[in-house]
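Worksheet: the structure to be examined is printed underneath.
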Amino acid sequence: MNDKSSKLIDKKGIRLDGRKADELRPLKLQVGVLSNADGSAYIEHGKNKILAAAFGPREMHPKHLALADRMVLRCRYHMAPFSVQERKSPAPSRREVELSKVIRESLEPALFLELYPRTGVDVFIEVLQADGGTRCASITAAALAIADAGVPMRDLVVACAAGKVDNTIVLDLHDEEDKLGDADVPVAYMPSLDAVTLLQMDGILTPDEFQRAVDMAMNGCKKIYEMQKEALKTKYMVVKDTEEKEEDEEVEE
Amino acid sequence: MPTYFEKKQLVIPGELLAEGDYLPGENTYVDENKIYAQRIGLVDVDNKKVNMVALRAFYVPKVGDIVIGTVAEVGFNGWTVNIKSPYNAMLRASDVLSRPFKPQNDELSAVLSAGDLIVAKIVSYDRSHDPQLTVGEPGLGKITRGQILNVVPTKIPRVIGRKGSMISMIKQETNCQIILGLNGVILVTGKTVEDEELAITVIKKIEQESHTSGLTDRITQMLKENKVNVEEP
Amino acid sequence: MSSLITRVRLKQISQHIENGKRLDERGLHDYRPIKIEQGVIEKAEGSARIYLGKTEVLVGVKVETGEPFPDTPDRGVQTVNAELVPLASPNFEPGPPDENSIELARIVDRGLRESNAIDTAKLCIDAGKKVFVVFVDVYVLNYDGNLIDASALAALAALMNTKLPNYEYKDGELKIKQGFTQLPLKSRPITVTIGKINNQLVIDPQLEEEQVMDSRLSIAINEQGNICAVQKGGSSYFTPQQILEASKLAQAKAAELRKKFDW
């Protein structure tokens, strides 16, 4: 992080993009956006634009990667070359390898891995445009894709970051705050089970600030969870709608 | 000890459904005396049991199930069959050939080759072994004609209907033979393409509206109307 | 990174932990014996070897000159790499770094970087053109669990042992002179990893414990007791309460280690 004193928050406590400290960026979530995947989702979180697709459970390829007593979740987090200011090489970077791992480990607690031994679920995440907080937005979308694939889950997983900018703990850092701020704390959370499945931090925070950031991020997660729920139900609501319409018609008859 | 849903409410994974003195039905799980949903589906309670019909699920093999699969690979002493499940099924050469199987003489791909469709029954399956199939019973074997359609496997019981009422009505009204693979694959064979298409349209409607009331009446009506249309010219 | 151990053994371990005991009679919040040797590789600018119980990690630091990053033209460069050397475990295989070694390297890197351990401003030779590049290579020699803490401690010990060559810079030319100066450090972060086994928090999990471990939380702490890097790993979760406990535990253990080594 940078120790330049930058002005990311004005005197009234308003951030560069007009948000208050505990305000989320605008979010848009859509489920079932890719016809070839078993499940899929699209998220716009601030200027982040991310697609996630889930395949399986299916036979593992290569076969020796299958486990005798559980299902294997594989995740690939990948950024499109055009997703950032300077073209990113399409070859997976060390950052992408690490993020693929922590994203996988944030989703695994939500799955009943012991149910389908010897199989695998693949989750592919493509960041089409990055704007700070891509790992969090990726997790939110990936959880929806897995649910949409009909894979049994304990809970949805939803993620959001908090951090420290100009001496203030703020929610959901955008690109500039991420780069110039003092600390970033991404958190993934299963709201029904009150369980944190991803927790990272960089920057410097006092133990008290760290706690406040984690709490603020969890609150952000709870807000995004409501939108996540809504997005998932919207796709399947079609069925419900037909029912209600039909029933109304019957009454009229 | 409440429940937290209305009848046939749409729920998503992780939603709390009931607390205390209830039994977890399909597609639900228990954690510390609370029942949660595992999948997207419609929830209902029947005599203290919380049931959920999943709107999205995949087929998990069960011994005795009739399934329709596609031959994916011809192996050394049998075939690998895709049954639209997390597990591929195996069909042994000895099950198909009536005489003893000799790898040096028998060209397996002459019997069944990749892409062939078969109706088969699952004879064995457990957590550590892939499902084994048999075609050695009446009505099972290679499919040579008809049309295939895929539905969400959880919808098959609705296509069958109460005591088979729905499926017999469709068969009768469309003059089609219909084989329901419990893996969500359905084979429709009729005298004309029109008959087959009608049966498929009807089954798709059932899949779409499987959780609505008065479905049987609407299907009956649909079948009658379409039959009339066909006979009119 | 797992090797197969019997179900009976796994059960034994997790029962032990549930009763507040460890396989080796340690308390739940005790480290195994730690020994650190500095300056073990003469050809490296800095080095340290750590023994954490049976876990053994060697860190070598090489200092070379190179170009700065365009966004920090007046700063030296820090790079951390980790090798899970095949001789360290029957389960380590030769080949390009896998996700485990990449994660290990990035956790060690983050701890040092975010706490500003290396004073990179003092590593600038010619702004925008030439700076010192500090290569920290983590070499795992024997794997018996908790590579993160062992590697982070060894990396810091190696950096504290690192010497920069004296030099003269004139008209774009670098001349190495006699003698050395100490690599300038601004901070000494200590990383503490807390494992969750059967809902108990344990410090310094050894290999067999790692195999029953649900999740881990690695927390880097600087001299002021502030948190400068966190990483959760593993297929399970932490409750908010456990995170609070873990962060307090990390504070206490980091202070203890700092005192022990006089860092």
Can you pull out the residues in the range A:76-88 that are touching a Lys or Arg at 6+ places or on another chain (Cβ under 7 Å) and either surrounded by fewer than 17 Cβ atoms within 10 Å (Cβ to Cβ) or within 10 Å of another protein chain (Cβ to nearest Cβ) (or both)?
A:PRO81
Given (1) among the polar types (S, T, N, Q); (2) over 26 Å from B:ILE178 (Cβ atoms); (3) part of a strand (DSSP E or B), where does B:SER109 come up short, assuming only one miss?
(3)
Under 7 Å by Cβ, and 6 or more places apart or on different chains, what pairs join a residue from the range A:184-197 that is at the interface with chain C (Cβ under 9 Å from one of its Cβ atoms) and within 16 Å of A:ALA147 (Cβ to Cβ) with one that is surrounded by 24 or more Cβ atoms within 10 Å (Cβ to Cβ) and among the charged types (D, E, K, R)?
A:MET190/A:ASP155; A:LEU193/A:ASP155
Quick check: is even one residue across the range A:192-210 in a helix (DSSP H, G or I), of a type in the set (A, V, I, L, M, F, W, C) and within 19 Å of C:ILE219 (Cα to Cα)?
yes
By residue number, the members of the range B:25-41 that are out of contact with any Phe, Trp or Tyr (no Cβ under 7 Å at 6 or more places or on another chain) and surrounded by fewer than 22 Cβ atoms within 10 Å (Cβ to Cβ) are B:GLY25, B:GLU26, B:VAL30, B:ASP31, B:GLU32, B:ASN33, B:LYS34
Quick one: C:ASN222 ticks every box in (1) away from chain A (no Cβ under 14 Å); (2) farther than 25 Å from A:GLU114 by Cβ; (3) under 18 Å from the mean Cα position of the chain (by Cα) except a single one, so which number is it?
(1)
For the structure I just gave you, tell me whether B:SER109 is more than 10 Å from chain A (Cβ to nearest Cβ) and either among the aromatic types (Phe, Trp, Tyr) or surrounded by fewer than 20 Cβ atoms within 10 Å (Cβ to Cβ) (or both).
yes
Give the residues of the range B:44-63 that are crowded, with 16+ Cβ neighbours inside 10 Å and away from chain A (no Cβ under 14 Å), sorted by residue number.
B:VAL45, B:VAL50, B:ASN51
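Residues are listed down the side, and each one gets a yes or a no for (1) outside any strand (DSSP E or B); (2) more than 10 Å from the chain's Cα centre (by Cα):
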| site | (1), (2) |
| --- | --- |
| A:ILE139 | yes, no |
| A:CYS160 | no, no |
| A:ASP178 | yes, yes |
| A:VAL185 | no, yes |
Would you confirm whether or not the range C:50-66 contains a residue that is farther than 17 Å from C:ARG188 by Cα, β-branched (Val, Ile, Thr), in a helix (DSSP H, G or I) and out of contact with any Pro (no Cβ under 7 Å at 6 or more places or on another chain)?
no
Testing C:ARG188 on (1) charged (D, E, K, R); (2) within 14 Å of chain A (Cβ to nearest Cβ); (3) free of Cβ contacts under 8 Å to residues at least 40 places away in the same chain; (4) closer than 30 Å to C:GLU64 by Cα, one condition comes back false. Which one is that?
(3)
Would you pick out the residues in the range A:89-104 that are hydrophobic (A, V, I, L, M, F, W, C), within 10 Å of another protein chain (Cβ to nearest Cβ) and without any contact (Cβ under 8 Å) to a residue 24 or more places away in the chain?
A:VAL97
Condition check: without any contact (Cβ under 8 Å) to a residue 60 or more places away in the chain, buried (at least 17 other Cβ atoms within 10 Å of the Cβ) and farther than 24 Å from C:ALA48 by Cα. Does C:GLY172 satisfy that?
no
Just one listed residue, out of A:ALA141, A:ALA130, A:ALA145, is surrounded by fewer than 24 Cβ atoms within 10 Å (Cβ to Cβ), more than 9 Å from every other protein chain (Cβ to nearest Cβ) and small (Gly, Ala, Ser), and it is A:ALA130
Is it true that some residue in the range B:128-135 is surrounded by 14 or more Cβ atoms within 10 Å (Cβ to Cβ), within 14 Å of another protein chain (Cβ to nearest Cβ) and at positive phi?
no
Just one of B:PHE76, B:PHE101 is surrounded by 13 or more Cβ atoms within 10 Å (Cβ to Cβ), modelled with pLDDT under 90 and more than 16 Å from the chain's Cα centre (by Cα); which is it?
B:PHE101
May I ask you to verify whether A:ASP178 is of a type in the set (Asp, Glu) and more than 10 Å from chain B (Cβ to nearest Cβ)?
yes
For the range C:241-255: of the residues being surrounded by fewer than 16 Cβ atoms within 10 Å (Cβ to Cβ) and of a type outside the set (Gly, Ala, Ser), which is farthest from the chain's Cα centre (by Cα)?
C:GLN241
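Conditions (1) touching a residue at least 24 places away in the same chain (Cβ under 8 Å); (2) among the charged types (D, E, K, R); (3) away from chain B (no Cβ under 14 Å), marked per residue:
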site: A:LYS7; (1), (2), (3): yes, yes, yes
site: A:ARG15; (1), (2), (3): yes, yes, yes
site: A:GLY18; (1), (2), (3): no, no, yes
site: A:VAL33; (1), (2), (3): no, no, yes
site: A:LYS47; (1), (2), (3): yes, yes, yes
site: A:ALA66; (1), (2), (3): yes, no, no
site: A:LEU107; (1), (2), (3): yes, no, no
site: A:GLY120; (1), (2), (3): yes, no, no
C:GLY179 - would you say it is buried (at least 23 other Cβ atoms within 10 Å of the Cβ) and either among the polar types (S, T, N, Q) or more than 14 Å from the chain's Cα centre (by Cα) (or both)?
no
Where the second residue is among the basic types (Lys, Arg) and part of a helix (DSSP H, G or I) and the first is more than 16 Å from B:LEU10 (Cα to Cα) and lies in the range B:206-228, which pairs have Cβ atoms under 6 Å and are six or more apart or on separate chains?
B:ILE206/B:ARG158; B:GLU207/B:LYS155
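The values are calculated or read from the model by the stated rules, or taken from the named source; none is laboratory data. Just so it is clear, the structure is predicted and the values come from calculations on it, not from any experiment. As a convention, Cβ positions derive from the backbone with ideal geometry for all residues, glycine included, and neighbour counts pool all protein chains shown.
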